[in-house]
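Written out below as structure tokens is the structure these notes cover.
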Amino acid sequence: MSLPAVLSRIDDQLPDALDRLMGLLRIQSISTDPAYAQPCQDAADWLVADLQSIGIDAKKRPTTGHPMVVGHIDGPGPHLLFYGHYDVQPVDPLNLWHSDPFDPQLEDTAKDRVIRGRGSSDDKGQLMTFVEACRAYKHVNGALPCRITFFFEGEEESGSPSLIPFMKENAAELGADLALVCDTSMVAPGVPSIASQLRGMLKDEFTVHGPRIDLHSGHYGGPGLNPLRELSRIIASFHDDQGRVAVDGFYDGVHEVPDDLLRQWESCGFNETDYLNSVGYTQPHGEKGYSTLVQQWARPTLEINGIWGGYQGAGSKTVIPAEAHCKLTCRLVGDMDPDDLRRKIRAHVDAQLAPDTRVTWDGDLEGAPAAVMNISRPEFEKARQALSDEWNREAVFCGMGGSIPIVGFFKEILGLDSMLIGFANEDDAIHSPNEKYNVESFHKGMRSWARVLDALAG
């Protein structure tokens with residue numbers, strides 16, 4: 001099969017590929033808001049039709065929520081499962097967008113030409129890099145070099161409530177030799193990256209209760225216990241002055257980064273100053289004794305995501321509130337057990353409670369352990385070399401600070417190892433106003449997947 005001809009086809013057809021992507025980006029597939037249920041159906045239909053247009057046996061599959069898209073095509077090489085998601089985040093606050101988030105535009109910036117619009121980077125643009133690579137490969141060669149199952153989800157941005165039941169019910173159909181995921185970023189602009197590890201996630205929420213009702217701060221100010229003050233004290237107790245989490249046993253299961261991997265990370269092209277300055281920081285503020293990159297990829301965290309209580313309206317209201325609330329998340333690494341860690345955090349909070357206070361916890365127990373990829377498999381080195389050839393720069397194995405639960409589900413339910421290759425940049429503003437995806441990422445992403453498919457088939 002002719003790889004050079006495939007790459008030339010991708011180059012020649014870039015305008016058409018951009019047009020197709022723009023069509024998908026116009027669909028307002030916000031999965032978390034029931035008002036957008038029909039657009040989510042429309043996005044699934046769009047993908048089914050597009051896959052069918054290149055000879056893939058694709059269907060929209062119903063779930064209790066938004067539909068899945070599953071497609072199959074035979075090929076001579078290994079069986080690969082490609083995963084992406086077609087749903088997107090809400091666009092709020094809308095007033096911060098410079099243009100309509102669902103009227104995507106090609107825009108020239110000081111550094112790059114970009115595709116501006118919701119979902120351009122997360123994950124429609126990334127998903128389509130793979131589809132377009134397959135389109136070009138099949139046009140040139142009449143067939144794909146591998147047997148491929150396409151698996152597109154419509155609820156990734158809203159907790160994937162239908163994903164696990166669907167995967168369990170269709171495990172035999174979704175089985176493959178290796179899962180490919182394109183929902184990640186490059187460690188630095190122009191540095192092709194394969195994620196070798198992901199942090200896990202734990203979410204929890206608690207309420208500190210004090211007096212039976214909100215109290216007049218003149219009548220009870222002084223002798224009255226204020227739940228907001230108590231909550232502030234508890235939150236302050238979570239960390240010491242070195243940035244370490246002070247919950248007893250929090251670091252059980254955490255491992256230091258091996259020296260050989262640490263050396264690779266140090267030379268991967270990551271620019272700490274740019275990373276910090278891009279969001280208004282002048283220095284890192286995490287755990288002392290670890291570099292910014294290690295803090296981001298290989299150390300656990302406990303973060304406070306929301307605090308509220310008392311009067312929230314205009315002006316002032318002189319009350320001591322009856323309760324105060326806190327949302328928190330932890331990023332997990334190594335062998336940290338989310339259920340065990342939840343018990344330790346709750347025990348820590350209980351130990352901090354003052355007399356006349358009590359705490360209640362949210363009952364939605366959400367958590368997933370960290371994931372480490374099996375980069376010793378020969379496919380990983382083949383893919384790394386293919387990426388290096390395309391980008392004219394040594395591809396790197398990197399960590400990721402975020403969490404991608406599907407990787408754990410692939411392993412747990414389907415017994416599949418995953419390979420994560422993405423072409424987003426850190427400044428793509430995913431989940432934020434003015435999301436963008438570099439045209440270079442889209443173009444070279446297509447070329448990269450064509451090379452990877454060709455390498456994996458060999």
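Tabulated data for the structure shown
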{"quantity": "Residue check, residue 116 surrounded by fewer than 24 Cβ atoms within 10 Å (Cβ to Cβ) and within 16 Å of residue 442 (Cβ to Cβ)", "calculated": "yes"}
{"quantity": "Output for the range 402-426, where each listed residue is modelled with pLDDT under 90 and either part of a loop (DSSP other than H, G, I, E, B) or aromatic (Phe, Trp, Tyr) (or both)", "calculated": "402, 403, 404, 426"}
{"quantity": "Condition check for residue 135: surrounded by 21 or more Cβ atoms within 10 Å (Cβ to Cβ) and closer than 21 Å to residue 73 by Cβ", "calculated": "yes"}
{"quantity": "Of residues in the range 175-189 being surrounded by fewer than 19 Cβ atoms within 10 Å (Cβ to Cβ) and at pLDDT 95 or above, the one farthest from residue 413 (Cα to Cα)", "calculated": "177"}
{"quantity": "Considering residues of the range 187-231 that are β-branched (Val, Ile, Thr) and under 40 Å from the mean Cα position of the chain (by Cα) only, the residue nearest to residue 391 (Cα to Cα)", "calculated": "191"}
{"quantity": "Residue under evaluation residue 75, criteria (1) within 24 Å of residue 165 (Cα to Cα); (2) out of contact with any Gly (no Cβ under 9 Å at 6 or more places or on another chain); (3) assigned to a loop (DSSP other than H, G, I, E, B), criterion not met", "calculated": "(1)"}
{"quantity": "Residue satisfying all of: in the range 22-52; within 25 Å of residue 105 (Cβ to Cβ) and small (Gly, Ala, Ser); farthest from the chain's Cα centre (by Cα) among these", "calculated": "49"}
{"quantity": "Pick from the range 136-154, criterion closer than 17 Å to residue 66 by Cα and part of a strand (DSSP E or B), ranking: farthest from the chain's Cα centre (by Cα)", "calculated": "150"}
{"quantity": "Boolean, residue 252 is more than 24 Å from the chain's Cα centre (by Cα) and under 30 Å from residue 387 (Cβ atoms)", "calculated": "no"}
{"quantity": "Matching residues in the range 1-10 - criterion: being assigned to a helix (DSSP H, G or I) and touching a residue at least 12 places away in the same chain (Cβ under 8 Å)", "calculated": "3, 5, 6, 7, 9, 10"}
{"quantity": "Which listed residue, of 371, 386, is farther than 25 Å from residue 199 by Cβ and surrounded by 22 or more Cβ atoms within 10 Å (Cβ to Cβ)", "calculated": "386"}
{"quantity": "Counted residues, the range 361-396 - those being part of a loop (DSSP other than H, G, I, E, B) and of a type in the set (Lys, Arg)", "calculated": "2"}
{"quantity": "Filtered residues of the range 99-117 (kept if in contact with a Lys or Arg (Cβ under 9 Å, 6 or more places away or on another chain) and either within 20 Å of residue 452 (Cβ to Cβ) or part of a loop (DSSP other than H, G, I, E, B) (or both))", "calculated": "99, 101, 102, 103, 104, 109, 112, 117"}
{"quantity": "Residues of the range 201-215 classified as surrounded by fewer than 24 Cβ atoms within 10 Å (Cβ to Cβ) and in contact with a strand residue (DSSP E or B) (Cβ under 8 Å, 6 or more places away or on another chain), total", "calculated": "10"}
{"quantity": "Test: residue 166 is part of a strand (DSSP E or B), surrounded by 16 or more Cβ atoms within 10 Å (Cβ to Cβ) and of a type outside the set (A, V, I, L, M)", "calculated": "no"}
{"quantity": "Answer residue from the range 327-352, given it is surrounded by fewer than 19 Cβ atoms within 10 Å (Cβ to Cβ) and touching a Gly at 6+ places or on another chain (Cβ under 6 Å) and is farthest from residue 201 (Cα to Cα) among those", "calculated": "344"}
{"quantity": "Among the candidates 23, 55, residue that is at pLDDT 95 or above, among the small types (Gly, Ala, Ser) and either part of a loop (DSSP other than H, G, I, E, B) or not assigned by TED's automatic domain parsing to the domain that holds residue 100 (or both)", "calculated": "55"}
{"quantity": "Output for the range 285-316, where each listed residue is assigned to a loop (DSSP other than H, G, I, E, B), within 16 Å of residue 266 (Cβ to Cβ) and in contact with a Phe, Trp or Tyr (Cβ under 9 Å, 6 or more places away or on another chain)", "calculated": "291, 299"}
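The values are calculated or read from the model by the stated rules, or taken from the named source; none is laboratory data. Since this is a predicted model, take the numbers as computed values, not measurements. Neighbour counts are summed over all protein chains in view; Cβ atoms, including those assigned to glycine, are modelled from backbone coordinates with ideal geometry.
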